[in-house]
Amino acid sequence: MFTVACYGTNNVHGYSLAPSHSSDCQRQRRHKIQPTPLHVHIYTGTTWRMVNAPSPAPVLVLLRDDYRVADNPALHAACATGQPVLCAYVQDAALQDAPTTRIAGWAQAACAQLATSLHKQGQTLLMLSGPTRLSVPALAQAINATDVFWNRRYDAPGIAADTDVHASLKKQGVTVHSCTGRLLFEPWAIRTQAGQPYRVFTAWWRAARDLPEPPPPLPAPDMHGKSYVPARALNLPEGVRLARVGTQMPPALPGWTSGEQCAHTNLHRFIENALEDYETQRDRTDATHGTSLLSPYIRVGQISVRQIWHAIRHAAHLHPQLATDAEKFLAELGWRDFAWMQMFTTPDLATRNLRAEFNHMPWRTDATDLAAWQQGQTGFPLVDAGMRQLARTGWMHNRVRMVVASFLTKHLLTDWQKGERWFYAHLLDADAAVNAMNWQWGAGTGIDAAPWFRIFNPVGQSEKYDPLGQYIRTWVPELAALDNKTIHTPWKSAQRLNYPPPIVDLKLGRLRALECWKNLPK
């Protein structure tokens, strides 16, 4: 069963309707008859009203993780047709993140923000709930859409669903427009001379930089007067009903505000205050704004990577001294594209060791150690600070992500997939491709991965990247009174601390990991 609702700017109150009943004979002839019409209510911003406004044939825009108005190729192309435009978001449990994940709530907030933006231009965001394969063709048929627009997806389930929808729409005589709106470069666009996907990022990045610049971002379309208002009765199949859907924002995590404008504010703040010296300062955990903090907004599409790319390039053009820092930041955007190239060519990236010898790694299954890592109670301040930051804010500094991943997979000898799943459940920027590739990189199991024998020492890392202990004091306040040296090794302090002792001997843990690696079949 799937549901339909109108997504406005305040809490939306739809009406649940029981499905109509028909005889077995009628069910067999359903394709020859018209289903019972459903009356549609539209929220205007102050009241609900019954709509019965004939209009020209519309076009339909599907929005999924691209919750923005500016530089949204699908939305821009739809508006360019000159026909009425209807925007829809599909809730499909088979294709969406579990409701318990942080990214699900963040995406819900982004969707609500987009509904508000669309409403300001007289648009209504329609909500569909149910299998994409069924709901989209049904809606397109019900409104007599001539065209359907979307920005391409690159994960295997999303590709399969879009392929099926495309086939169904084609049978209905509906034209599908699949646009590029998520990446800088398509996953198939950059190949080796042999026509194979690159396995080393630096080589891929050199090839990418030899290509023409990504197209400039598109302006926000003017949608005033282009809104499609559904007719009084939508002829939807049996089982379709209006839903009660609210646009109330989920509780915000500390430090984060959803919105397309918030994303651009972060970008401008980063360019003004942190792009200079980014190459040398980005790993400093004690830097207040050493990183862009854009990843959660990129994840739900409140800002596009093209917008970021061209803003950074423009800044470097105006201020040539920023060229090196700008190039380093652009490479980080490239890393995301590289991850999606991997996900596109290796759909099981999150569940399979890309280096098969690691299938024989004798991973430990100590639940106590895993829980200590998850809860930030390992006895190693930098590790615990990172895990607590993740728990509190849904984000973690990138340098610390590498340290906690190395600690889990090597010092604790725990399967990287457990860490990958924990991160995905708790990160606001949980990205299926980037998260999986990063964990395989850190564990040494993927392509272009850090070698297994590269084992981060969490004490050395905190001394180097948080020398005054500012990051540690923020997230591990029970150590705040220690001096700047002892805060990295609190077990050496003579003070009585409400803090756990180390759960592993770093030297012994490192030797154990190296021994296991040496014994893997080559």
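A few remarks follow.
- Considering all C-alpha pairs of segment 58-198, those separated by over 19 Å amount to 53%.
- Site pair Glu272 and Thr257 shows an inter-label distance of 1.4 nm when each label is modelled 7 Å from Cα along Cα→Cβ.
- Entry note: segment 171-230 has Rg to Rh equal to 1.17, where both radii use alpha-carbon atoms and Rh is the Kirkwood radius.
- Anisotropy class of segment 74-140 from Cα gyration tensor, a/c 1.5 cut: oblate
- For Leu125, distant residues with modelled amide H under 5 Å away: Tyr7
- Cα gyration tensor shape of segment 329-443, rounded if a/c is under 1.5, else prolate or oblate by comparing a/b with b/c: oblate
- Tilt relative to the chain, helix 260-273 - C-alpha long axis, 0 to 90 degrees, to 10: 30 degrees
- All-pairs alpha carbon distance profile, segment 260-345, 10 Å steps from 0, percent: 18, 50, 29, 4
- Within straight-line cross-link reach of Lys120, lysines at Cα separation under 25 Å, skipping those fewer than 8 residues along the same chain: Lys226
- Here's the list of lysines a cross-link from Lys410 could span, going by alpha-carbon distance under 23 Å and ignoring same-chain residues fewer than 8 apart: Lys418, Lys464, Lys507, Lys518, Lys522.
- Neighbour-count ranking [beta-carbon atoms within 10 angstrom, fewest first] of Thr378, Thr291: Thr291, Thr378
- Estimated FRET transfer efficiency (Glu357, Ala425; beta-carbon r; R0 25 Å; 0.05): 0.30
- For the chain, alpha-carbon Rg relative to the globular expectation (2.2 N^0.38 Å, N residues): 1.08
- Sum of -39500 (n - 2.57) over DSSP H runs of 4+, divided by residues of the chain (222 nm, nearest 500): -12000 deg cm²/dmol
- Counted residue by residue at 0.36 nm each, then reduced by the alpha carbon distance between them, the extension gain from Lys522 to Lys120 reaches 138.6 nm.
- Residue-span extension gain [Arg454 to Thr202] - 0.36 nm each, minus C-alpha spacing: 88.9 nm
- From least to most packed, judged by other beta carbons within 10 angstrom and beginning with the fewest, Met387, Met437, Met361 follow the order Met361, Met387, Met437.
- Backbone amide hydrogens, once placed in the peptide plane, bring Leu184 within less than 5 Å of nothing, excluding anything fewer than 5 places away on its chain.
- Centroid-to-centroid separation of segment 270-328 and segment 107-171 [C-alpha atoms, Å]: 32 Å
- Cα-Cα P(r), segment 356-518, percent of pairs per 5 Å interval: 1, 9, 19, 22, 21, 15, 8, 3, 1, 0
- For segment 329-390, the average shadow cast by the Cα convex hull is 6.5 nm², which is a quarter of the hull's surface.
- Computed from Cα positions, the angle between helix 323-345 and the longest principal axis of the chain comes to roughly 70 degrees.
- Here His488, His177 are placed in order of increasing Cβ neighbour count within 10 Å, fewest first, which gives His177, His488.
- Rounded tilt (10° steps) of 305-318 against the dominant C-alpha axis of the chain: 60 degrees
- Residues in segment 401-443 that a label on Asp348 would reach, taking backbone N under 15 Å of a point 7 Å out along Cα→Cβ: 417
- At an R0 of 60 angstrom, the distance between the Cβ atoms of Arg364 and Leu468 translates into a FRET efficiency of 0.95.
Each reported figure results from applying straightforward, stated rules to the coordinates on display, with no laboratory input. These figures come from a predicted structure and were not determined experimentally. Methodologically, a virtual Cβ is constructed for each residue, glycine included, from the backbone with ideal geometry; neighbour enumeration extends over all protein chains shown.
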